[in-house]
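Peer 1: Take this structure, written in structure tokens, and hold onto it; I'll ask about it next.
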Amino acid sequence: MNNGVIVVLLLALPALVASAGEQTLDPRDQWPQWRGPLGSGVAPNASPPVQWSEDENVRWKAPIPGLGHSTPIVWGDLVFLTTAIAYGEELDPQSGPAHGAHDNFASLHHQEFVVLAVDARDGEIVWRKTVRSEQPQEGTHVTGSWASNSPVTDGEHLFAFFGSGGLYCFDLNGELLWKKDFGDMESKHGHGEGSSPALHGETLIINWDHEGESFVVALDKRTGDERWKVERDEGTSWSTPLVVEHDGKPQVIVNATHRVRGYDLATGEVVWECGGMSGNVVASPVAADDLVYVTSSYEKQAMMAIRLAAAKDDITATDAVAWTRGYQTPYVPSPLLYGDMLYFIRHLQGYLSCVEAKTGKTHYGSQRLPGVRRVYASPLGTADRVYVVGRAGVTYVIRHGAALEVLARNVLDDTFSASPAAVGAKLYLRGERHLYCIAESGAEE
């Protein structure tokens, strides 16, 4: 591989194909993980509708038990998602086993942690597995859930992660193959958990940043056996690891408060590190063409493009940082890297920005999308369009390009925190009550 060229390798399946039953599927045509097949928020071969409503272009609308903000993942004719179903007497979160120091809690019940497989053709539940039933060890944000970590699949295994609720490996028929318990997290402010697993070849990576002893760990995907584990000097982060290949060697990139770090996937050794983020890092990295993009926005606003060809040891404030930005950066939603453009959203105000990825030059910035506030879902890019989903049920469809052009404003009757997924002619939107399949009449099954 040429020097200075990186390839995103979150799944890295042999020859980019895998088998599911009698189907031979290309992962680029699926949505196998958080942020899609490329790890960037892009569905390269999808073309879902531009317009929809409760009465238009809804192929099916399926009630989902419980509450979860994990992104649905799609493989063949199955949609996989996690949920937490409350049961028993409501508890005062301030008097629970652990609660942090913040008063913005959701009601605390005992929870069933559940993995669901849904038929992509009609929304019927194919199988349902309860992996754990217990009182969570701490509360979560009033807008959060106990099922916010998105699953991942390689077309053979399904990995469902509930943080303190454990990690579970199933086959696609719902048979449990192995499970692992890392203990209990203590999240900052008691806001809950949300980092999703990353998968590369035979290795599964978990980021375990919290207010206790933090670490990143690599596991054998077939057995759950530990390959390596590295302690981290980090507080809580919700960022999902990203795996990229540079000079023929895969690295695990983790965005966090004290340092952004690149780890050697084979050994766990720190290849490089860089300071400059805020606390409470939520957004996941994206990468292409020798650059890794990281961002945060809590005590301060910070975004950086890191040049991997120059990334070795501590690169803070060196020329390995190609460009920085200190305003209008996203907090909760991860950025969308679509072609040579980087899109990101200020989640409370619903402001959308677009910059040139290689230089950071602003194409447009702080553009308000009317009716969109509290955007927790990360944007989706497909078919030369950008999809921005607000919590109140409003989705804007924007033309992919250097000027803001609104193609449609669509409204559904639900609350949306999960990020959208697109496969073929279908768009999947997970609300707090329903999972929607959006597709035009007569479009492919």
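Peer 1: Scan the stretch 384-395 and report the pairs whose first residue is within 19 Å of SER47 (Cα to Cα) and whose second residue is polar (S, T, N, Q) and not in a strand (DSSP E or B), with Cβ atoms within less than 8 Å and a gap of 6+ or a chain change.
Peer 2: VAL389/SER419
Peer 1: Further question: Any residue at all in the stretch 402-424 that is modelled with pLDDT under 95 and aliphatic (A, V, I, L, M)? Talk me through it step by step, then tell me what you get.
Peer 2: Within the stretch 402-424, the first condition is being modelled with pLDDT under 95, and the residues that meet it are none.
Taking every residue of the stretch 402-424 in turn, none turns out to be modelled with pLDDT under 95 and aliphatic (A, V, I, L, M).
Peer 1: Scan ALA421, ALA439 and give me the residue that is touching a strand residue (DSSP E or B) at 6+ places or on another chain (Cβ under 6 Å), hydrophobic (A, V, I, L, M, F, W, C) and surrounded by 23 or more Cβ atoms within 10 Å (Cβ to Cβ).
Peer 2: Only one candidate qualifies: ALA421.
Peer 1: Between a residue in the stretch 62-85 that is in contact (Cβ under 8 Å) with a residue 24 or more places away in the chain and on the phi > 0 side of the Ramachandran plot and any residue that is of a type in the set (A, V, I, L, M, F, W, C) and part of a strand (DSSP E or B), which pairs come within a Cβ distance under 6 Å, given they are 6 or more apart or on different chains?
Peer 2: Close Cβ pairs satisfying both conditions: GLY66/ALA84; GLY66/ILE85; GLY76/ALA20; GLY76/LEU25.
Peer 1: Regarding GLN349, is this residue polar (S, T, N, Q), crowded, with 16+ Cβ neighbours inside 10 Å and at pLDDT below 95? Quick ask: steps written out before the conclusion?
Peer 2: Values: polar (S, T, N, Q): yes; crowded, with 16+ Cβ neighbours inside 10 Å: no; at pLDDT below 95: yes.
Answer is no for this residue.
Peer 1: Among what's in the stretch 190-214 and is part of a strand (DSSP E or B) and not aliphatic (A, V, I, L, M), pick the residue that is nearest to VAL254 (Cα to Cα). Please lay out each step first, then the result.
Peer 2: Pass one, the stretch 190-214, residues part of a strand (DSSP E or B): 198-200, 203-208, 214.
After this cut, where a residue has to be not aliphatic (A, V, I, L, M) as well, the list is 200, 203, 207-208, 214.
On the way: HIS200: 14, THR203: 16, ASN207: 8, TRP208: 11, SER214: 12 Å.
The residue in question is ASN207.
Peer 1: Select, from TYR376, TYR364, the only residue that is surrounded by fewer than 16 Cβ atoms within 10 Å (Cβ to Cβ), in contact (Cβ under 8 Å) with a residue 40 or more places away in the chain and over 29 Å from LYS249 (Cβ atoms).
Peer 2: Details: TYR376 fails: surrounded by fewer than 16 Cβ atoms within 10 Å (Cβ to Cβ).
None of the others qualify; the one that does is TYR364.
Here's the yes/no breakdown for (1) modelled with pLDDT under 95; (2) more than 20 Å from the chain's Cα centre (by Cα):
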{"site": "GLU299", "(1), (2)": "yes, yes"}
{"site": "ALA302", "(1), (2)": "no, no"}
{"site": "ASP314", "(1), (2)": "no, yes"}
{"site": "LEU342", "(1), (2)": "no, no"}
{"site": "GLY381", "(1), (2)": "no, no"}
{"site": "GLY393", "(1), (2)": "no, no"}
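Peer 1: Okay, next question. Given the options ASN149, ASN173, ASN207, name the one that is of a type outside the set (D, E, K, R) and either more than 26 Å from GLN30 (Cβ to Cβ) or touching a residue at least 60 places away in the same chain (Cβ under 8 Å) (or both). Working first, answer last.
Peer 2: Values: ASN173 fails: either more than 26 Å from GLN30 (Cβ to Cβ) or touching a residue at least 60 places away in the same chain (Cβ under 8 Å) (or both); ASN207 fails: either more than 26 Å from GLN30 (Cβ to Cβ) or touching a residue at least 60 places away in the same chain (Cβ under 8 Å) (or both).
Of ASN149, ASN173, ASN207, the one residue that is of a type outside the set (D, E, K, R) and either more than 26 Å from GLN30 (Cβ to Cβ) or touching a residue at least 60 places away in the same chain (Cβ under 8 Å) (or both) is ASN149.
Peer 1: Oh, and also: Output the number of the condition that GLY248 fails; it satisfies all remaining conditions of (1) at pLDDT 95 or above; (2) out of contact with any strand residue (DSSP E or B) (no Cβ under 7 Å at 6 or more places or on another chain); (3) over 27 Å from PRO65 (Cα atoms).
Peer 2: (1)
Peer 1: Kindly indicate the residue of the stretch 140-178 that is touching a Cys at 6+ places or on another chain (Cβ under 7 Å) and surrounded by fewer than 23 Cβ atoms within 10 Å (Cβ to Cβ) and also nearest to GLU226 (Cα to Cα) among those meeting that condition.
Peer 2: Filtering the stretch 140-178 for residues that are touching a Cys at 6+ places or on another chain (Cβ under 7 Å) and surrounded by fewer than 23 Cβ atoms within 10 Å (Cβ to Cβ), the one nearest to GLU226 (Cα to Cα) comes out as TRP178.
Peer 1: What number of residues in the stretch 270-288 are in a loop (DSSP other than H, G, I, E, B) and touching a strand residue (DSSP E or B) at 6+ places or on another chain (Cβ under 7 Å)?
Peer 2: Filtering the stretch 270-288 down to residues in a loop (DSSP other than H, G, I, E, B) leaves 275-285.
From the residues that got through so far, the ones that are touching a strand residue (DSSP E or B) at 6+ places or on another chain (Cβ under 7 Å) too are 276-278, 281, 283-285.
The total comes to 7.
Peer 1: Shifting gears a bit: Kindly provide the set of residues from the stretch 293-332 that are touching a residue at least 60 places away in the same chain (Cβ under 8 Å) and within 21 Å of TRP238 (Cα to Cα), ordered by number.
Peer 2: Answer for the stretch 293-332, where residues must be touching a residue at least 60 places away in the same chain (Cβ under 8 Å) and within 21 Å of TRP238 (Cα to Cα): just TYR293.
Peer 1: Tell me which of these VAL388 doesn't satisfy, since it passes every other one: (1) closer than 15 Å to TYR436 by Cα; (2) among the aliphatic types (A, V, I, L, M); (3) outside any loop (DSSP other than H, G, I, E, B).
Peer 2: Here VAL388 clears every test but (1).
Peer 1: Quick one: which of GLY262, GLY190 is at positive phi, crowded, with 24+ Cβ neighbours inside 10 Å and touching an Asp or Glu at 6+ places or on another chain (Cβ under 8 Å)? Before the answer, list the steps.
Peer 2: Numbers: GLY262 fails: at positive phi.
Result of the check over GLY262, GLY190: GLY190.
Peer 1: Which residue, of PRO63, PRO97, is surrounded by fewer than 16 Cβ atoms within 10 Å (Cβ to Cβ) and at pLDDT 95 or above?
Peer 2: Values: PRO97 fails: at pLDDT 95 or above.
Testing whether each residue is surrounded by fewer than 16 Cβ atoms within 10 Å (Cβ to Cβ) and at pLDDT 95 or above leaves just PRO63.
Peer 1: Only one residue in GLU89, GLU138 is in a loop (DSSP other than H, G, I, E, B), among the charged types (D, E, K, R) and either modelled with pLDDT under 90 or under 21 Å from PRO420 (Cα atoms) (or both), so which one is that?
Peer 2: Details: GLU89 fails: in a loop (DSSP other than H, G, I, E, B).
Only one candidate qualifies: GLU138.
Peer 1: Evaluate the following for ALA402: is it more than 29 Å from THR82 (Cα to Cα), touching a His at 6+ places or on another chain (Cβ under 8 Å), of a type in the set (Gly, Ala, Ser) and not in a strand (DSSP E or B)? I'd like the intermediate steps shown before the answer.
Peer 2: On the way: more than 29 Å from THR82 (Cα to Cα): yes; touching a His at 6+ places or on another chain (Cβ under 8 Å): yes; of a type in the set (Gly, Ala, Ser): yes; not in a strand (DSSP E or B): yes.
Yes.
Peer 1: ARG28 - would you say it is closer than 23 Å to ASP414 by Cβ and either modelled with pLDDT of 95 or more or within 19 Å of the chain's Cα centre (by Cα) (or both)?
Peer 2: Values: closer than 23 Å to ASP414 by Cβ: no; either modelled with pLDDT of 95 or more or within 19 Å of the chain's Cα centre (by Cα) (or both): yes.
So ARG28 does not fit the description; no.
Peer 1: Got at least one residue in the stretch 34-52 being at pLDDT 55 or above, part of a strand (DSSP E or B) and surrounded by fewer than 16 Cβ atoms within 10 Å (Cβ to Cβ)? Steps first, please.
Peer 2: First, the residues of the stretch 34-52 that are at pLDDT 55 or above: 34-52.
If we keep only those that are part of a strand (DSSP E or B) as well, we get 42.
So of that shortlist, the ones also surrounded by fewer than 16 Cβ atoms within 10 Å (Cβ to Cβ) come out as none.
No, the stretch 34-52 has no match at all.
Peer 1: Name the residues in the stretch 358-375 that are in a loop (DSSP other than H, G, I, E, B) and either touching a Phe, Trp or Tyr at 6+ places or on another chain (Cβ under 7 Å) or at pLDDT below 95 (or both), would you?
Peer 2: In the first step, residues of the stretch 358-375 are kept if they are in a loop (DSSP other than H, G, I, E, B); the result is 358-361, 369-375.
THR359, GLY360, LEU369, PRO370, GLY371, VAL372, ARG373, ARG374, VAL375 - these are the residues of the stretch 358-375 that are in a loop (DSSP other than H, G, I, E, B) and either touching a Phe, Trp or Tyr at 6+ places or on another chain (Cβ under 7 Å) or at pLDDT below 95 (or both).
The values are calculated or read from the model by the stated rules, or taken from the named source; none is laboratory data. These numbers were taken from a predicted model, which means no experiment stands behind them. For neighbour counting, all protein chains shown are included, and Cβ atoms are generated from backbone atoms with ideal geometry for every residue, glycine included.
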